[in-house]
Every structure is written in C-alpha cells, then in structure tokens.
Amino acid sequence: RQLRMEGIFKDIPVIILSAVSKPSFYHYLKMLNAEGNPKIPLPNAYIEKPPDPEYLLDTVRRLIK
C-alpha cells in the first residue's frame with residue numbers, strides 16, 4: 001500500500017511472487033479492502049511459485065517498458 005501511494009514510488013511496477021495461489025491472494029485482498037480505507041491497490045502482476053522463467057522475464061520486460 002505504501003509503495004503505491006508514495007509520490008516517488010507510485011509509478012514503480014509491483015510484481016508479487018508467492019507460494020500462495022492467485023485466487024487465494026485476490027480473495028484475501030478483497031477482504032482487506034472491504035474492511036477499511038485506504039484500499040490496497042492491485043499489483044501489476046502476480047506470479048505463483050515456482051515461476052516459469054520465461055514468463056517471469058516476459059512479465060518484467062513488459063512492465064519496465
């Protein structure tokens with residue numbers, strides 16, 4: 001939340017690499033956002049472990065362009 005809301009950091013893409021499944025993460029985020037403000041912004045990408053190396057590289061390349 002802080003990264004996405006700070007002036008100098010807000011434009012930096014956020015990639016989450018996690019062992020938590022994508023549906024579980026988004027459900028948890030939805031529950032957190034239902035409770036209060038400010039809302040937690042979505043990451044630019046969410047990748048489950050273990051990542052496919054090519055997919056990870058493609059994602060990073062896409063987000064830093």
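Observations, loosely collected:
- Residues that are of a type in the set (A, V, I, L, M) and more than 10 Å from the chain's Cα centre (by Cα), drawn from segment 1-28: LEU3, MET5, ILE8, ILE12, ALA19, VAL20
- Taken over segment 8-63, the criterion of being in contact with a Pro (Cβ under 7 Å, 6 or more places away or on another chain) and at pLDDT below 95 is satisfied by VAL14 alone.
- Yes/no for LEU42 being within 21 Å of MET5 (Cα to Cα) and touching a strand residue (DSSP E or B) at 6+ places or on another chain (Cβ under 8 Å): no
- The listed residue being in contact (Cβ under 8 Å) with a residue 24 or more places away in the chain and among the charged types (D, E, K, R), out of GLU6, GLU35, GLU48, GLU54: GLU48
The values are calculated or read from the model by the stated rules, or taken from the named source; none is laboratory data. Bear in mind the structure is a predicted one, so any value in this text is a computation, not a measurement. Note that each Cβ is placed from the backbone with ideal geometry, even for glycine, and that neighbours are counted across all protein chains shown.
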